Amino acid sequence: MASSESGDRALEALLQENRRFAPSEEFRAQANVRDPEIYQRARQDPEGYWAEQARRLSWFEPFREVLRWEPPHAQWFVGGKLNAAYNCVDRHAESDRRNKAAIIWEGEPGDQRILTYGQLQREVARCANGLKRLGVKAGDRVTIYMGMIPELPIAMLACARIGAVHSVVFGGFSAEALRDRINDAQAEVVLTADGGWRRGQVVPLKAQVDKALEGASSVRHVVVVRRVGEAASVNWRAGRDLDWQEWLASESWHCEPEPMDSEAPLFILYTSGTTGKPKGIVHTTAGYLTGVETTTRMVFDLKDRDVYWCTADIGWVTGHSYVIYGPLANGATTLMYEGTPDFPDRGRNWQLVEKYGVNIYYTAPTAIRAHMRWGTEWPERYDLSSLRLLGSVGEPINPEAWMWYWEHIGGRRTPIVDTWWQTETGAIMISPLPGLTEAKPGSATRPLPGIEAEVVDLAGNPVPPGAGGYLVLTRPWPSMLRTIWGDDKRYQETYWSRFPGRYFTGDGAKRDEDGYFWLLGRVDDVINVSGHRIGTMEVESALVDHPSVAEAAVIGRHDPLKGQAIAAFVTLKEAVDTSEALKQELKAHVVQKIGAIARPDDLFFAAELPKTRSGKIMRRLLRDIAEGRALGDTTTLADPAVVERLKAQYQEEA
Ligand code: 7RM
């Protein structure tokens, strides 16, 4: 398999890991899921299990059929009608939870806003009316490009309320990346902000939208939230641009939710794949909501009195599912924070935990490693005793980080749930159930009830315990992606052709003697930098777009903090000289094309790239070089001397 040797070495260390952490009696006794029979029950009757979960939602019309599976296309809860905003907001607003906090928001400068379910219902309804006035109808796409401000979930839920399909684009993406996503979705309305706060600086969002819309565009209207005011200079295009406040000033606070088919698309979210073009992952209403409602309740053990905090940005799937839809579907209180964990100082997250009495905290290993590096003095300054459950997501968590998290944040008291899932899976697939599962640091443990996973070899046969292979999901599940927007062929090829009838995750994994899964990272051309997915081809395309570049090969190399770092090997066009200035220019070019998350950490000028006789760049050898390993098999190279020279040169310059 394609997983690197360093991955294998790390895994050997992982499999030596035999510490076990069982939930305390106290936690077990109060847990939402206490009966281990649940796994068995779900396995015997998966459709019955999922139907039972789906019935916890509020339906305008009940479904008649649980699953219609025509591989690789699934329809769940066929014939049902429901509304996602109604399920996340109204049904709580119309209950005793009306005055319960739905969203506790804190801005980076320290301003706050708390929206109760009752208030959220009104804000969402008013925004939905505004969208209708702009002519947005069920099925139309709306692009949302904002920072972490309350108007972002209000906008998402407003779309859901009228059946429009939202496409949230992470505020860190560049104007060009935004343009591609707007064009692909053919959005007619963009909702944005003048800017956002990040480390005391303004991120100029509206200016990026203006750039994205230069030339021809499907967009008729841009609505702008005033977040930073004077701090951003904003150009105004009369007739196209609207001020959020003015836009909504005369709208009614009431709007009937649209009854939507179970299979109506709820949102598109773009994610990186093996080619240069990001994939628009499509999620539908009933299956997605069932998946996130169930997993939030079971994995995070949510209780009505909890304050729950997932630190992800809503621009990523973790934010969609576990900042907004999952917690709100459960009627929970979700905390949303605008800024970064190191502003104004490195104690900001712990200060927020203390200030709001956070009970459940969900973050990424890269963030945990950053806190480790910053030192225990920061968490020690604050009272973290409210925490009762911790979660991890985005990449494999190394046992050292797991232990640090457990000891210094959880006070050796809280279970940790290491949750494996993807944009495509919509919801958590492999994770402990905190009241039942004995955790092993570094393992996501077992598939949740109703989910079936296997590790297989290239031929699709299950591998024995301890052997590496490809992670596949062997049964459809409600929150699975339905297609890639506008490209169903790519959907079929990417996920369902490698192992027909089974979903290919793109991840390598091993299973141990206890049936626990150990994730090994991607086996395709996707890099995971700080829990963010970046396609090697996207970065390569951005580099070769520069007039000086002839060819580029991009790889992910191991990085102790970020998981992986981006290393680019570039050959220049004839008559172009290498220089430090050009190196910086090329990095900046990638930032301009994609966004700061894709900025190469290393950029290396090569005279030639190692290629096979058929002309394929051998990225595996570049990885060996960048990770300082002995070179693997070079016999298929057209000219083995190329890679030897490159290695010598790299060692000299690195
Ligand atoms: C939720 C999310 C998906 C990729 C996935 C994996 C990696 C995510 C874990 C993990 C090991 C985990 N969606 N991944 N969670 N690897 N253990 N707990 O991250 O679409 O952005 O990325 O992330 O490689 O395929 S994502």
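A cut-off of 5 Å between modelled amide H atoms, ignoring neighbours fewer than 5 places along the same chain, links residue 270 with 281. Across the range 46-61, rounded Karplus estimates of 3J(HN,Hα) from the backbone phi angles (6.51 cos²θ - 1.76 cosθ + 1.60, θ = phi - 60°) give x, 5, x, 4, 5, 4, 4, 5, 4, 5, 6, 6, 9, 10, 7, 9 Hz, Gly and Pro being marked x.
What the Cα convex hull of the chain gives, in volume per residue, is 157 Å³. Positive end of the charge dipole of the chain (Lys, Arg +1 and Asp, Glu -1 on Cβ, about the Cα centre): tell me which of 451, 135, 582 has its Cα farthest that way. Of the listed residues, the answer is 135.
Computed from the C-alpha gyration tensor, the three semi-axes of the ellipsoid equivalent to the range 487-570 are 28, 20, 9 Å, from longest to shortest.
Put simply, the Cα atoms of the range 416-515 extend 42, 28, 19 Å along their principal axes, the longest span coming first. Where a ≥ b ≥ c are the square roots of the eigenvalues of the C-alpha gyration tensor, would you call the range 168-222 rounded, which needs a/c under 1.5, or, failing that, prolate if a/b is larger than b/c, or oblate? Judged from the Cα gyration tensor, the range 168-222 comes out prolate (a/c at least 1.5, a/b above b/c). Scaled against the 2.2 N^0.38 Å expected of a compact globular protein of N residues, the Cα radius of gyration of the range 127-216 reads 1.05.
Put simply, the amide H of residue 389, placed in the peptide plane, has neighbours under 5 Å in 361, leaving out anything fewer than 5 places away on its chain. Positive-end ranking of 347, 67, 402 along the dipole of the chain, with charges on Cβ about the Cα centre, is headed by 67.
Taking amide H as placed 1.01 Å from N in the peptide plane, the amide H of residue 191 sits under 5 Å from that of 143, 144, 145, 223, each at least 5 places away or on another chain.
Rg and Dmax of the range 248-379, based on Cα coordinates, read 17.7, 52 Å.
For the chain, DSSP calls about 60 percent of its internal beta bridges antiparallel.
In sequence order, the range 608-620 has phi-based couplings of 8, 9, x, 10, 6, 4, 8, x, 7, 5, 8, 5, 4 Hz under the Karplus curve 6.51 cos²θ - 1.76 cosθ + 1.60, θ = phi - 60°, and Gly or Pro positions carry x. Counting Lys and Arg as +1 and Asp and Glu as -1 over every other residue whose Cβ lies under 12 Å from the Cβ of residue 438, the net charge comes to +4. If you take all other residues with their beta carbon under 14 Å from the beta carbon of residue 97, and give Lys and Arg +1 and Asp and Glu -1, the sum is 0. With an a/c value of 1.5 or above and a/b not larger than b/c for the gyration tensor axes a ≥ b ≥ c computed over the alpha-carbon atoms, the range 284-336 is described as oblate. Taking 18 Å as the straight-line reach from the Cα of residue 647, the lysines in range (excluding those fewer than 8 positions away in the same chain) are 611. Each 10 Å bin from 0 upward holds the following percent of the Cα-Cα pairs of the range 511-645: 12, 40, 34, 11, 3, 1. Computed 3J(HN,Hα) for the range 190-205, one whole-Hz value per residue from the Karplus formula 6.51 cos²θ - 1.76 cosθ + 1.60 where θ = phi - 60°, is 10, 10, 8, 10, 4, x, x, 8, 8, 6, x, 10, 8, 8, x, 6, glycine and proline marked x.
Report the local net charge at residue 33: Lys and Arg +1, Asp and Glu -1, summed over other residues whose C-beta lies under 11 Å from its C-beta. It works out to a net charge of 0.
Any read-out appearing in this document is the output of simple, stated calculations on the displayed coordinates, not a laboratory observation. Here the structure is a predicted model, which means the values were calculated and not measured. Methodologically, a virtual Cβ is constructed for each residue, glycine included, from the backbone with ideal geometry; neighbour enumeration extends over all protein chains shown.
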